[in-house]
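S.K.: Got a structure here, written out as structure tokens. Questions coming.
The values are calculated or read from the model by the stated rules, or taken from the named source; none is laboratory data. Just so you know, these numbers come straight off a predicted model, no measurement behind them. Ideal geometry is used to build each Cβ from the backbone, glycine not excepted, and the neighbour counts take in all protein chains shown. Heads up: the accessible areas ignore ligands, DNA and RNA and are worked out on the full protein's heavy atoms, side chains in. Shrake-Rupley method; radii C 1.70, N 1.55, O 1.52, S 1.80 Å.
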Amino acid sequence: MKYLKNVATLAYDPGRCTGCGRCTEVCPHAVFEMQYGKAHITDKDLCMECGACALNCEFGAITVGSGVGCASAIIRSMLTGGEPTCGCGGNAGTSTGCC
Amino acid sequence: MKKLELQPSSPETQAFRGGQKHAGVLSQNPKAVMNALSSFSHQQQPWISGVLNTACGLVPVVSTEWSSAERRGRLRSRISAFRDRYAVRPGLYAVGAPDSSSDIFVSANYKLSFDILRRSLAGMTGWILVLDTKGINVWCAAGKGTFGTAELAKRVLGLNIAGLVTHSRLILPQLGATGVNAAEVRKKTGFTVRFGPVNAKDIPAYVRAGYRATPAMRTIRFTLADRLVLTPMEVNPALRRFPLAALVILAIFGLQPSGIIFKNAWTGGWPFLVLCLTGLLAGTLVTPAFLPVIPFRSFALKGLAAGAAVIAPLVLMTPLGGASPLLDAAAIVLFPLVASYLALQFTGSTTFTTISGVKKELKFWLPVYIAGIAVSLVLIIIHKLESWGLA
């Protein structure tokens, strides 16, 4: 299953890649594969913007805009102008239970 | 608080007094176990089978079995807000009789995550390091950063894990990578993070293969079962809002120039109640269940398609419609949009949608939803005016 075409904000700079392979280890959608000692994007539309690759790339070769994807959280943030946050996590006892 | 009562010469006491290279099982004696548990003010838990004395202090040994309590807990956390308070105490736990060479598996303190991990470790030995994720599962907590670099480093240093084991491996669930920067953890603690498989059930195979995950173990899927298990938490919150919607519908249908007439409310309103409920289920149940076969990538469109596919035939071919062309049109506009809106909410539970995509969908669809409500209201008002002989 793939989500919308050409929307994922994943950006990759092969010039900075050292071929450590960490991105292929952390990506849950096999967006990266190793080719000739460097990472290579297979299909950007598979990216779900979880941010694991960007956080774990020691060489700053990957950037991706990640964040909470719950629609209700995004609607709230669109109305209030803040960052989207789920009800859950900060205060487990009173959360509304998204994600 | 009772102290441990142990015979001076027993092997348990030897272990308890420490000074040994390998930690031993302190006791399988229920009384001693209970006393030991109360000594770290831990509520007695049936899934704790013993206690180990270790370099990190007393560590509960956990069973790899599930009792009926765990199955009940899983069910309740799948269907209700019970999951928000289904947590275990963060800290160190043992599986089997681990020693200084045993692996350390890191988990979240959502009880269901912890239960799935310990069940997956059946027949193995190891340590479980539970982070304080506020009772949230690994992936969601990683997204928020509570299953994160800082919390992991704090636990590893605070518990002096370096004194517990002679290796420097921490095995994390792969989905924890969203919150944990492996390089940072190494800098802060000296431990090397290895991201294990996505699913805990693959851990034995991962360890046997020399800490290597196959591409299949590294990929998250979203099977019919995965989706269906999530639907109660889509359906239930929506159902809780249904009485309010029902009240509005009945009030509109009961409204007469002379006031709200209950008989009219029911005789005119019941088809809309059924259609509203149908739209609700189309968005929260039908769309998730048939997700891959419903056309379109957009969740709003998927929901709209599923909604239209069930609502339109009901309105056009059953007694739920036919009362008036205006009402039929209102129903066909409104309820597929209800399904669409609810389907869009499901993006928060999927394993493959993006925040950028959801934002893009909302930017387009929120105005459509508002316009749809307005159009159907106008249609209903014209119908009311006509029926009152005012138009």
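S.K.: For the range B:106-215, which helices (runs of 4 or more DSSP H) that fit wholly inside it have 1 or more residues that are at pLDDT 95 or above and more than 15 Å from the chain's Cα centre (by Cα)?
M.R.: B:111-120, B:149-158, B:182-189, B:203-208
S.K.: Select from the range B:95-113 the residues that are open to solvent by less than 30 Å² (accessible area, probe 1.4 Å) and away from every other protein chain (no Cβ under 14 Å) and list them in ascending order.
M.R.: Those that are open to solvent by less than 30 Å² (accessible area, probe 1.4 Å) and away from every other protein chain (no Cβ under 14 Å): B:Val95, B:Pro98, B:Ser100, B:Ser102, B:Asp103, B:Ile104, B:Phe105, B:Val106, B:Ser107.
S.K.: For the range B:354-374: of the residues being open to solvent by less than 10 Å² (accessible area, probe 1.4 Å) and under 30 Å from B:Asn199 (Cα atoms), which is nearest to the chain's Cα centre (by Cα)?
M.R.: The selected residue is B:Thr354.
S.K.: Take B:Val378 and decide whether it is aliphatic (A, V, I, L, M), modelled with pLDDT of 95 or more and not in a helix (DSSP H, G or I).
M.R.: no
S.K.: Okay, next question. Would you check if there is a residue in the range A:63-82 being within 25 Å of A:Tyr12 (Cα to Cα), touching a strand residue (DSSP E or B) at 6+ places or on another chain (Cβ under 6 Å) and modelled with pLDDT of 80 or more?
M.R.: yes
S.K.: Among the residues of the range B:145-163, is any in contact with a Ser or Thr (Cβ under 7 Å, 6 or more places away or on another chain) and closer than 23 Å to A:Phe32 by Cα?
M.R.: Among the residues of the range B:145-163, not one is in contact with a Ser or Thr (Cβ under 7 Å, 6 or more places away or on another chain) and closer than 23 Å to A:Phe32 by Cα, which makes the answer no.
S.K.: Identify, from the list B:Leu157, B:Leu224, B:Leu164, the residue that is under 30 Å from B:Leu281 (Cβ atoms), touching a residue at least 24 places away in the same chain (Cβ under 8 Å) and more than 9 Å from chain A (Cβ to nearest Cβ).
M.R.: B:Leu224
S.K.: Within the range B:331-339, identify whether any single residue is farther than 18 Å from B:Ala309 by Cβ and touching a residue at least 24 places away in the same chain (Cβ under 8 Å), and answer yes or no.
M.R.: Checked the range B:331-339: no residue is farther than 18 Å from B:Ala309 by Cβ and touching a residue at least 24 places away in the same chain (Cβ under 8 Å).
Yes/no matrix, rows are residues, columns are (1) open to solvent by less than 30 Å² (accessible area, probe 1.4 Å); (2) more than 16 Å from the chain's Cα centre (by Cα); (3) facing another protein chain (nearest Cβ under 7 Å):
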position: A:Asn6; (1), (2), (3): no, no, no
position: A:Gly19; (1), (2), (3): yes, yes, no
position: A:Pro28; (1), (2), (3): yes, no, yes
position: A:Ala52; (1), (2), (3): yes, no, yes
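S.K.: Next question. How many of the residues in the range B:70-94 are crowded, with 20+ Cβ neighbours inside 10 Å, assigned to a loop (DSSP other than H, G, I, E, B) and small (Gly, Ala, Ser)?
M.R.: The qualifying residues number 0.
S.K.: Taking the residues in the range B:256-294 that are in a loop (DSSP other than H, G, I, E, B) and in contact (Cβ under 8 Å) with a residue 60 or more places away in the chain as candidates, determine which candidate is surrounded by the most Cβ atoms within 10 Å (Cβ to Cβ).
M.R.: Going through the qualifying residues, I end up with B:Leu291.
S.K.: Next question. Can you tell me which condition B:Lys2 does not meet? The list is (1) modelled with pLDDT of 50 or more; (2) part of a loop (DSSP other than H, G, I, E, B); (3) charged (D, E, K, R), and all the others hold.
M.R.: (1)
S.K.: Continuing with the same structure: Of the numbered conditions (1) more than 21 Å from B:Arg89 (Cβ to Cβ); (2) in contact with a helix residue (DSSP H, G or I) (Cβ under 6 Å, 6 or more places away or on another chain); (3) crowded, with 20+ Cβ neighbours inside 10 Å, B:Lys201 satisfies every one except a single condition; which is it?
M.R.: (3)
S.K.: Being more than 30 Å from B:Ile260 (Cα to Cα) and touching a helix residue (DSSP H, G or I) at 6+ places or on another chain (Cβ under 9 Å) is true for just one of B:Ser349, B:Ser376, B:Ser356. Which residue is that?
M.R.: When all the criteria are applied, what remains is B:Ser349.
For every residue, the table says whether it meets (1) closer than 30 Å to A:Gly65 by Cβ; (2) touching a helix residue (DSSP H, G or I) at 6+ places or on another chain (Cβ under 9 Å).
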| residue | (1), (2) |
| --- | --- |
| B:Val106 | yes, yes |
| B:Lys111 | no, yes |
| B:Asp132 | yes, yes |
| B:Asn160 | no, no |
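S.K.: Report yes if some residue within the range B:30-50 is open to solvent by less than 50 Å² (accessible area, probe 1.4 Å), over 35 Å from the mean Cα position of the chain (by Cα) and modelled with pLDDT under 95; otherwise report no.
M.R.: Yes, that holds for at least one residue.
Yes or no, residue by residue, for (1) among the hydrophobic types (A, V, I, L, M, F, W, C); (2) under 25 Å from A:Met1 (Cβ atoms):
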{"residue": "B:Val310", "(1), (2)": "yes, yes"}
{"residue": "B:Leu316", "(1), (2)": "yes, no"}
{"residue": "B:Val333", "(1), (2)": "yes, no"}
{"residue": "B:Ser349", "(1), (2)": "no, yes"}
{"residue": "B:Trp365", "(1), (2)": "yes, yes"}
{"residue": "B:Gly372", "(1), (2)": "no, no"}
{"residue": "B:Ile381", "(1), (2)": "yes, no"}
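S.K.: While we're on this one: Scanning for something open to solvent by 30 Å² or more (accessible area, probe 1.4 Å), on the phi < 0 side of the Ramachandran plot, basic (Lys, Arg) and within 14 Å of chain A (Cβ to nearest Cβ), does the range B:302-322 turn up at least one residue?
M.R.: No, the range B:302-322 has no match at all.
S.K.: Shifting gears a bit: Among the residues of the range B:131-140, write down those that are buried (at least 24 other Cβ atoms within 10 Å of the Cβ) and either basic (Lys, Arg) or within 22 Å of B:Ile161 (Cα to Cα) (or both).
M.R.: Residues satisfying the conditions are B:Leu131, B:Thr133, B:Val138.
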